[in-house]
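Each reported figure results from applying straightforward, stated rules to the coordinates on display, with no laboratory input. Only a predicted model underlies this, so the values are computations on that prediction, with no experimental measurement involved. Cβ atoms come from the backbone with ideal geometry, glycine included; neighbour counts cover every protein chain shown.
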Amino acid sequence: MVEEQGNFGILVGGGPAPGLNGVIAAVTMEACHKGHKVYGIYDGYKWLVKGDPNLLQQHIKLLDIPDVARIHFNGGSVLRTSRTNPVKDPNGVSNAVKMLNSLGISYMVTTGGDDTAYGASKIAEMAEGKIKFAHVPKTIDNDLPLPHNLPTFGYQTARELGSSLVKNLMEDANTTGRWYIVVVMGRTAGHLALGITKSAGATLAIIPEEFANKKIPLAHICDIFETAILKQRALGYHHGVLVIAEGVSDNLIEEDLKKAIGGEIKLDQFGHIPLADVALGKVLKQEIERRFKTRKEEFRAIDIDLGYVLRCADPIPFDQEYTKDLGYHAVNYLLSTKPEHQKNAIICVFNGELIPIYFEDMLDPQTKKTAVRRVDIKSGLYRIARSYMTRLEQNDFQDPALLKTMSQSMHLTSEEFKKRFEYLIA
């Protein structure tokens, strides 16, 4: 064991993801093996930004190997988490630096999504090199642009559990002859919704990338869903499951978004619409049922939100192993004396080997925040996923029998139906 030189700190920010405890365990074990103290800081940046040493002492824990040896099997975070934005809190960044210095922390590991990484980058700037940062990226949204298309930890576990649950709903839909609307997480990207849909064989997915950052009316989403129902019926099936990414709410025009929220739009500390307050599934269900009712036809859908169900699941072996690699490399990057390892960095691992990405290289040049990896709807991955969905497609207009059956369901002629919905496949 080497002589102790500087303490480690570790905190968790943003929403939970399967595997957080694996990172905490790996960082603690590797840092302790190297002879360093490790302070676990509770609730993300929440107590650091207060600038109160006495308050901070109540919300830290000196971690040792026996404390963390088996926590990597469990979901959630033993250090809890919060969405505190140090940049928005008065003197939050300078207070955080002062508090970390008071603990003798020379090396800081943060784990979270893009907002947590942004907070870490601002604290690192204020520390002026006295505290070295390594950020371990996590999000079940899988929307950070990691090299080699690496997944963010937690995504694979969330997809596996989500796929299992949607598979059960598919069977229930088949048994009872009904439709389900399943909302899953994905603020800016539809990786999780698409991955679950493809794995479980759900009827269709709707993701934010389809709308290319454009503002659309709720009617647009309802048109996609309604025509999918009509096509499924024309093919002889009277049931199905729609999986929709919650981030589609960000694409709604303001009037429809207010309707979905049930009032005025209030942003969180990071300037985001609080998607947990958007009743996307419920609003979509009500509008679809209303449309069928106007045609004097009974139709019922059931909306289910899987958002919070997936975040604290016990990690599957993939994420158990992955997070150990990430935590190990985070510690060794921070302790490295190599010239190329002296900057604050985001830790990535490919085939077990470290790939550090400097904070500034992850920033979007326009937003100055962490860049986002979105689903490429022109890619083979998306094209294959679409091929398995039941959705209105261009060749449906070339099938007179299918077109007639769908049109008659809406009391329209084939030409009226085509004119009404051809914009969906333009």
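Per the Debye calculation on region 105-157 with a single equal scatterer at every Cα and no solvent contribution, log₁₀ I(q)/I(0) for q = 0.21, 0.32 Å⁻¹ amounts to -0.75, -1.20. Counted by Cβ distance under 13 Å from Gln320, the other residues give a net charge of -3, where Lys and Arg count +1 and Asp and Glu count -1. With angles folded into 0 to 90 degrees, how steeply does helix 280-294 sit against the dominant principal axis of the chain? Use alpha carbons for both and round to 10. Here the helix axis deviates by roughly 0 degrees.
With the Kirkwood sum run over all distinct C-alpha pairs, the chain has a hydrodynamic radius of 23.1 Å. Listed values for region 162-170 are Karplus-derived 3J(HN,Hα) couplings in whole Hz (6.51 cos²θ - 1.76 cosθ + 1.60, θ = phi - 60°), namely x, 5, 5, 5, 5, 4, 5, 5, 4, and x replaces Gly and Pro. Of all lysines in the structure, the ones whose alpha carbon falls short of 26 Å from that of Lys259, not counting any fewer than 8 places away in one chain, are Lys214, Lys215, Lys282, Lys285, Lys293, Lys296. Full extension of the chain segment joining Lys215 with Asp399 gains 63.1 nm, where the gain is 0.36 nm per residue of separation less the Cα-Cα distance.
Karplus-derived 3J(HN,Hα) values for region 232-238, using 6.51 cos²θ - 1.76 cosθ + 1.60 with θ = phi - 60°, are 4, 5, 4, 8, x, 10, 10 Hz; glycine and proline are entered as x. Taking 0.36 nm per residue of separation and subtracting the Cα-Cα distance, full extension of the segment from Ile384 to Lys88 would add 102.3 nm.
Under a straight-distance cross-link criterion of Cα-Cα below 14 Å, which aspartates and glutamates are reachable from Lys132, leaving out those fewer than 8 residues away in the same chain? Candidates past the 8-residue exclusion: Glu340. Treating cross-link reach as a plain straight distance, find the aspartates and glutamates whose alpha-carbon is under 13 Å from the alpha-carbon of Lys418, omitting any fewer than eight places away in the same chain. Within the straight-line cut-off, Lys418 pairs with Asp223, Glu393, Asp396, Asp399.
Just to confirm the number: angle between the C-alpha axis of helix 317-335 and the first principal axis of the chain, 0 to 90 degrees, nearest 10? Computed tilt is about 40 degrees.
Axis angle, to the nearest 10 degrees, between helix 191-200 and the longest C-alpha principal axis of the chain: 60 degrees.
The slack in the chain from Glu171 to Ser199, taken as 0.36 nm per residue of separation less the alpha-carbon distance, amounts to 8.7 nm. If both residues of a DSSP beta bridge must be in the chain, then about 25% of such bridges are antiparallel. Distance between the 7 Å Cα→Cβ label points at His411 and Lys338: 7.1 nm. Derived from the Cα gyration tensor, the three semi-axes of the equivalent ellipsoid of region 156-311 are 24, 20, 13 Å, largest first. Label-to-label distance, Asn149 versus Lys130, with points set 7 angstrom from Cα along the beta-carbon direction: 4.5 nm. Taking amide hydrogens as placed 1.01 Å from N in the peptide plane, the amide H of Lys138 sits under 5 Å from those of Gly112, Gly113, each at least 5 positions away in sequence or on another chain.
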